Amino acid sequence: MAKGEHLNIEAGAKRDVEPDFFFMMNCLMYSRLESGNPSNGDYYDEDVNVYLANLLTSFMNPEYHARSKKYLSRYDTNLFEKIQHSDDVRLKYTIYKTNADFLLISIGIFKNADGLKPTGSNSFLNDNEEIYMGRAKAYYQFAYSYSQSMFRRSTAVTEVLEKLSRGFEQYVEILSHMRGEYFNILDRLGTGDIYHLERSIDKFSTDSELKALQDKFLDLYSAYMKDHNPALKADLQAVVKQIQALDESFRFDIGEIE
């Protein structure tokens, strides 16, 4: 397989963005050496280098964010709900892989691994970084498992996903070094790009959560109208407050229906 074909399969890259790929690969290779994590140290992982360089290149492409945002979930509960309600193995694979990729870049590039605070209030890393590290490793492992079921054989990307899960901390360290020493991807993307990326992810997560709350509201409202149970009234009022926190235009006064 020709190199250009490989890039197209792995990241949807076009010929006109290959210079960015080679820039990323060059910085990545130097970062591996300088951070004490040379390629093929504990196991063969040159394939991971190609994957990471493609992923970093993709993050500079607005089309990648547009394709990816529908699969992203800020919370485990939202992600698991998507998985639970689908029998599509390819969709499950894509959801886990996409979320794992975004967590890897979020931890390694958008926030230094030495415990510095997030770059803004909308950062992916609003909570304990270790939690996100654990989530990302688990997501890569799930993506690896689903890729085996989907492809029915070992493929290049299947092996990479397993290596990313196994050596996640090492790859975060490499990306953190790369960010600090060679480039600031935040500057390359631009403030506006980062803002719109975070807003698009936030909006999708909010829309999913809002829909679930609206469904819950309707169920509780229907049940309450049948017997006016005080316990249901309390639950209904609680859900109303949750909805209003996400949608200020929502208005409901339970006193008006009693």
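The values are calculated or read from the model by the stated rules, or taken from the named source; none is laboratory data. Values in this document were obtained by computation on a predicted structure and should not be read as measured data. Backbone-built Cβ (ideal geometry, glycine too); neighbour counts: all protein chains shown. Heavy atoms of the whole protein, side chains included, go into the accessibility calculation; ligands, DNA and RNA do not. Shrake-Rupley method; radii C 1.70, N 1.55, O 1.52, S 1.80 Å.
Tabulated data for the structure shown
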item	result
Calculated from backbone phi, Karplus (6.51, -1.76, 1.60) coupling profile of region 70-81 in Hz, x at Gly/Pro	5, 9, 7, 9, 6, 10, 4, 4, 5, 5, 5, 5
Carbon plus sulfur fraction of accessible area for region 48-105, probe 1.4 Å, in percent	52
Ordering of 97-105, 24-32 by burial proxy (mean other Cβ atoms within 10 Å per residue, highest first)	97-105, 24-32
Entries of Lys69/Lys163; Lys69/Lys92; Lys69/Lys137; Lys137/Lys216; Lys92/Lys163 with Cα pairs more than 22 Å apart	Lys69/Lys163; Lys137/Lys216
